[in-house]
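Take a look at the structure below.
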Amino acid sequence: AGSVGSFWSQQDSSLAFLPLFHGYTLLSQILRNLTIGARTVLFQQAQSPSAASLVQALLQTKVSFFCCVPWMLKLLHDQILAEQAKGSSTSLRVLQNLRFIITGGALLDHSTGNFLTAHKIKILTFLG
């Protein structure tokens, strides 16, 4: 099995996508990466976070994981379903290329979690 810390390595890089008022998550993400020598990408945005802007940031930065609240995973789930209805799967492929996604701060909706894990997307849930 192994500890949660065994998920991260120096080869990892993460996208700090959350607004600054999510200070604890941002600080822990940055400190963890500093400790192991991994890269942190700070994403600046002029507008509220959206599924489309997150997918675009993941495409641009090519990070291996990111942290988000369950609400963002629900928005990503909705975007994937909308893309699939149009015959596309860009957002799904982007998420499948990540090593994992960390979520927390609230409960993850069962349908969203089940959908993402059924599509081979690894979700690590930290609620508290």
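The values are calculated or read from the model by the stated rules, or taken from the named source; none is laboratory data. On a predicted model such as this, the values are computed, not experimentally measured, just so you know. Cβ sites come from the backbone with ideal geometry, for glycine too, and all protein chains shown count toward neighbours. Just so you know, the surface numbers come from the protein's heavy atoms only, side chains and all, with ligands and any DNA or RNA stripped out. Shrake-Rupley method; radii C 1.70, N 1.55, O 1.52, S 1.80 Å.
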Of 51-63, 75-87, ordering from highest average Cβ density within 10 Å down gives 51-63, 75-87
Placing +1 on each Lys and Arg Cβ and -1 on each Asp and Glu Cβ in segment 43-128, then taking the dipole about the Cα centre, the residue among LEU75, ILE123, ALA52 whose Cα reaches farthest towards the positive end is ILE123
Segment 55-128, Kirkwood Rh and Cα Rg, ratio Rg/Rh at 0.94
Computed for segment 26-110: size of charge dipole around the Cα centre, +1 on C-beta of each Lys and Arg, -1 on C-beta of each Asp and Glu, debye to nearest 20, value 280 debye
Rounded to one decimal in nm, the spacing of the 7 Å Cα→Cβ label points at TRP71 and ARG99 is 2.9 nm
Measure of exposure for THR90: accessible area at 1.4 Å probe, Å² rounded to 10, is 50 Å²
Note, SER64: beta-carbon cut-off 10 Å, +1 each Lys/Arg, -1 each Asp/Glu, net +2
In terms of the alpha carbon gyration tensor, root eigenvalues a ≥ b ≥ c, rounded if a/c is under 1.5 and otherwise prolate when a/b exceeds b/c or oblate, segment 88-128 is prolate
As straight-line cross-link partners of LYS122, the qualifying lysines (C-alpha separation under 23 Å, not fewer than 8 residues apart within one chain) are LYS62, LYS74
Placing each pseudo-label 7 Å from Cα in the direction of the beta carbon, LEU124 and SER88 end up separated by a distance in nanometres of 3.1 nm
